[in-house]
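K.L.:
Pasting a structure here, questions to come.
Taken together, the values in this text are just the output of simple stated rules run on the coordinates, not laboratory data. Everything quoted here is computed from the prediction, not taken from an experiment. As a convention, Cβ positions derive from the backbone with ideal geometry for all residues, glycine included, and neighbour counts pool all protein chains shown.
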Amino acid sequence: MIQNLAAGQQGFTSNVFLVAGERTVLVDVGNQFDVVAATREYVDDIDAVVLTHTHPDHVGNLAAVVDAFDVDVWGFDTDADGVDHAIADGETVLLGDDEYEALHTPGHKDDHLCFYSRSNQTLFAGDLVFANGGFGRTDLEEGDRGLLVESVGRVLDTVDEELQAMHTGHGPSVTANPHTDIELALQAARMRA
């Protein structure tokens, strides 16, 4: 089960995906809403938090989640506040019942990761790409349009054309031909580079 706990929230928050299964995790924790209560509507406990990156809208609720569930936090850079364990580029992580490959995808932020499962054809894209060819901002600290273009290209080269679902850091998940949305994001990012 993959559930967006931030759906319908009005605050400045990222999406928060509860991935339930053998290893129940939150992918990002959002900001400015009670993510602990939202999590407990579906499960009693979680095993870990996995971060796509550490912008405030993705980690604002981190202290509350760690306090409530007594879990470790995994991300790319253990120098970032709250990150206990590093996930290296190319490392495999268990989210729910499926293995995901971690892809280091800087450009929006230096510590940005995407997670791709070939077995269930699912991508957690964070703020790298969005529905309808949108892509992450590069005007923030650590933003770099050239790196972002390279990262989107890497994701496009990695995922299969049969990708079934792309869960993004903001906006709706894409379940109808998400491979096309990634192609469009690459074209758009190159045009504005």
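K.L.:
Take the Cα of residue 150, step 7 Å along the line toward its Cβ, and report every residue of the range 101-122 whose backbone nitrogen sits under 18 Å from that point.
P.N.:
Residues 103-114 qualify, since their backbone N sits under 18 Å from the label point.
K.L.:
Provide the net charge surrounding residue 101, with neighbours chosen by a C-beta distance below 11 Å and charges set as Lys +1, Arg +1, Asp -1, Glu -1.
P.N.:
-3
K.L.:
Run the dipole for the range 1-105 about the Cα centre, Lys and Arg Cβ at +1, Asp and Glu Cβ at -1, nothing else charged, and hand back the magnitude in debye, nearest 20.
P.N.:
So the dipole magnitude of the range 1-105 works out to roughly 400 debye.
K.L.:
On a 0 to 90 degree scale, rounded to 10, what angle separates helix 145-158 from the longest Cα axis of the chain?
P.N.:
Long axis of 145-158 versus the principal axis of the chain: about 80 degrees.
K.L.:
Just to confirm the filter: which chymotrypsin sites (Phe, Trp or Tyr not before Pro) across the range 20-129 are DSSP coil and have at most 16 other Cβ within 10 angstrom of their Cβ?
P.N.:
Loop-located and lightly packed - 42.
K.L.:
Moving on. For the chain, report the translational diffusion coefficient in µm²/s to the nearest whole number, using Stokes-Einstein at 4 °C, 1.567 mPa s, and a Kirkwood Rh over Cα pairs.
P.N.:
My calculation gives 80 µm²/s for D.
K.L.:
Relative contact order of the chain: what whole-number percent is it, with Cα pairs under 8 angstrom and at least 6 residues apart?
P.N.:
Relative contact order here is 15 percent.
K.L.:
Based on the Cβ-Cβ distance of residue 140 and residue 191, what FRET efficiency does E = 1/(1 + (r/R0)^6) give at R0 = 25 Å, to the nearest 0.05?
P.N.:
The computed FRET efficiency comes out at 0.80.
K.L.:
Below 13 angstrom from the Cβ of residue 64, what's the summed charge of the other residues (Lys, Arg +1; Asp, Glu -1)?
P.N.:
Summing Lys and Arg as +1 and Asp and Glu as -1 gives -2.
K.L.:
Let me know the longest stretch in the chain that avoids all trypsin sites (Lys or Arg not before Pro) found in a DSSP loop with at most 16 other C-beta atoms within 10 Å.
P.N.:
For trypsin sites (Lys or Arg not before Pro) (loop position, at most 16 other Cβ atoms within 10 Å), the longest site-free span of the chain is 1-117.
K.L.:
Now, a different point. Obtain the nm distance between the two label points defined at residue 118 and residue 32 by a simple spin-label model: each point lies 7 Å from its Cα along the Cα-to-C-beta direction.
P.N.:
Each label point is offset 7 Å from its Cα along the Cβ direction, giving 4.1 nm.
K.L.:
For the chain, what does the helix formula give at 222 nm: sum of -39500 (n - 2.57) over DSSP H segments with n ≥ 4, over the residue count, nearest 500 deg cm²/dmol?
P.N.:
Using -39500 (n - 2.57) per qualifying helix, the result is -7000 deg cm²/dmol.
K.L.:
Send over the per residue convex hull volume for the range 109-193, Cα only, as a whole number of Å³.
P.N.:
77
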